[in-house]
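Enquirer: My questions all concern the structure below.
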Amino acid sequence: ATLHKQADLAMYTAKRPGHPKIVVYEDALGGLSSLVDNREVSAVYEAIRQPDLLEFRYQPIYSLPAMQPEYAEALCRIRYDGQIIGPGAIFAIVHNRRLDVEFDLAVISAVRRDLAAGLGALQLGVSINLSAPGVVNDKVIKALLELKQAYPTRKIVVEITETALITQMTVATANIERLRRAGCLVALDDFGSGYSSLRYLATMPVDMVKFDMSLVRLLDQEDLRHRLVVEDIAEMV
């Protein structure tokens, strides 16, 4: 059983973008054990079938410098078998088992449930993370458009994650334009975490850019050059 689990972990690592296609198991791969944990895998599949299993921590997003709340970002959890499963385990399974589109649809359904319930955190609007496969999927885009149509006065922000995995750039750009024409705002997430970010900034018609934490932490450095780099990037954006 242990050998089987280790072989599975090596296989899923080999399937991940940026990894070699042949991977030999080592102890460092143990952190990916959620990929082969039957309970957590079952939880993801059940949440796709029953979006009511999805719960969110709605993190308020504030405007600067007034520090006024603008909307809340939906941070996903799954309540399953009496326990809460966090995003680290959820998205490792979703991405490696290629369930991105199905999970995006479940998240949109669950957010719509919370909007209908009148949760106070969502009075101004909500931000939803969208996977790279979801950006080019017509069902996902249709679900987002219907969400905006149902709540035209709420701010609906679509955050595009893992832009480096988007291969159909023409389709992605057209879908982003559809969302923006409908009144949604589109954010480019984790900007600065990879060299590809600049290409997507120039190509994709987004409304907002979210700096990766690695850039923000440069502001804490004593070296003035680090601060100047971040300031210059902000000016370019």
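Enquirer: Quick check for you: which residues of region 89-125 have the amide N under 16 Å from the point 7 Å beyond the Cα of R39 toward its beta carbon?
Expert: Inside the label zone: 89-90.
Enquirer: Over the chain, give the accessible area per residue in Å² for a 1.4 Å probe, as an integer.
Expert: 55 Å²
Enquirer: Here's another thing I want to ask about it. Rounded to whole Hz and in sequence order, give me ³J(HN,Hα) for region 4-12 from the Karplus expression 6.51 cos²θ - 1.76 cosθ + 1.60, θ = phi - 60°, writing x for Gly and Pro.
Expert: Result, ordered by residue: 4, 5, 5, 5, 4, 4, 5, 5, 5 Hz.
Enquirer: Let me ask you something else. For the chain, modelled as a Gaussian network with Cα springs under 10 Å, which listed residue fluctuates most, L185, L145, L198?
Expert: L198
Enquirer: List the residues, sorted by chain then number, that are 5 or more residues from E70 or on another chain and whose placed amide H is less than 5 Å from its amide H.
Expert: I61, Y62, S63
Enquirer: Oh, and also: Just need the Rg to Rh number for the chain, please, alpha carbons only, Kirkwood Rh.
Expert: That ratio equals 0.98.
Enquirer: Moving on to the next point. Choose one answer from P87, P51, P133: the residue with the largest mean-square fluctuation in a GNM of the chain with alpha-carbon springs under 10 Å.
Expert: The residue with the greatest mean-square fluctuation here is P87.
Enquirer: Report, to one decimal in Å, the Kirkwood hydrodynamic radius for region 66-147 based on all distinct Cα pairs. Intermediate results must be reported in sequence, preceding the final value.
Expert: On the way: mean 1/r = 0.0718 Å⁻¹.
Evaluated over region 66-147, this radius sits at 13.9 Å.
Enquirer: Using the Karplus curve 6.51 cos²θ - 1.76 cosθ + 1.60 with θ = phi - 60°, what ³J(HN,Hα) values do you get for each residue of region 201-217, in whole Hz, with x for Gly and Pro?
Expert: 4, 6, 9, 8, x, 9, 9, 9, 10, 9, 5, 5, 4, 4, 6, 4, 5
Enquirer: If you build a Gaussian network model of the chain, linking Cα atoms that sit under 10 Å apart, which residue out of G86, G134, G125 swings the most?
Expert: Among G86, G134, G125, the largest GNM mean-square fluctuation belongs to G86.
Enquirer: Test of understanding: what is the full-extension gain from K21 to R77, defined as 0.36 nm times their sequence separation minus their Cα-Cα distance?
Expert: Full extension from K21 to R77 adds 17.1 nm.
Enquirer: Turning to a different aspect of this structure: Of all DSSP beta bridges located in the chain, what percent are antiparallel, nearest 5?
Expert: So the antiparallel bridges amount to about 45 percent of the total.
Enquirer: Could I ask something else about it? Taking Cα centroids, how far is region 103-146 from region 39-95 in Å?
Expert: 12 Å
Enquirer: So, R0 is 45 Å and r is the distance between the beta-carbons of R49 and L224; what FRET efficiency does that work out to, to 0.05?
Expert: Working: r = 54 Å, r/R0 = 1.19.
Taking R0 as 45 Å, the efficiency between R49 and L224 is 0.25.
Enquirer: Also, quick follow-up: Figure the gain on full extension for S193 and R98 (residue separation times 0.36 nm, minus the Cα-Cα span) and round it to one decimal in nm. The partial results should precede the final answer.
Expert: Numbers: separation 95, 0.36 × 95 = 34.20 nm, distance 2.25 nm.
Once the chain is fully extended between S193 and R98, it gains 32.0 nm.
Enquirer: Same structure, new question: Relative contact order of the chain, please, whole-number percent, based on alpha carbon pairs below 8 angstrom and at least 6 residues apart.
Expert: 12 percent
Enquirer: Over the chain, with every protein chain in place, what whole percent of the accessible area is carbon and sulfur at 1.4 Å, could you tell me?
Expert: After summing per-atom areas, the C and S share lands at 53 percent.
Enquirer: When N is the residue count of region 114-235, what does its C-alpha Rg come to as a fraction of 2.2 N^0.38 Å?
Expert: It is 1.18.
The values are calculated or read from the model by the stated rules, or taken from the named source; none is laboratory data. Quick caveat, the model's predicted, so the values are computed rather than measured. Glycine also receives a Cβ, built like all others from the backbone with ideal geometry; neighbour counts cover every protein chain displayed. Side chains included, ligands, DNA and RNA excluded: accessible areas come from the protein's heavy atoms. Shrake-Rupley method; radii C 1.70, N 1.55, O 1.52, S 1.80 Å.
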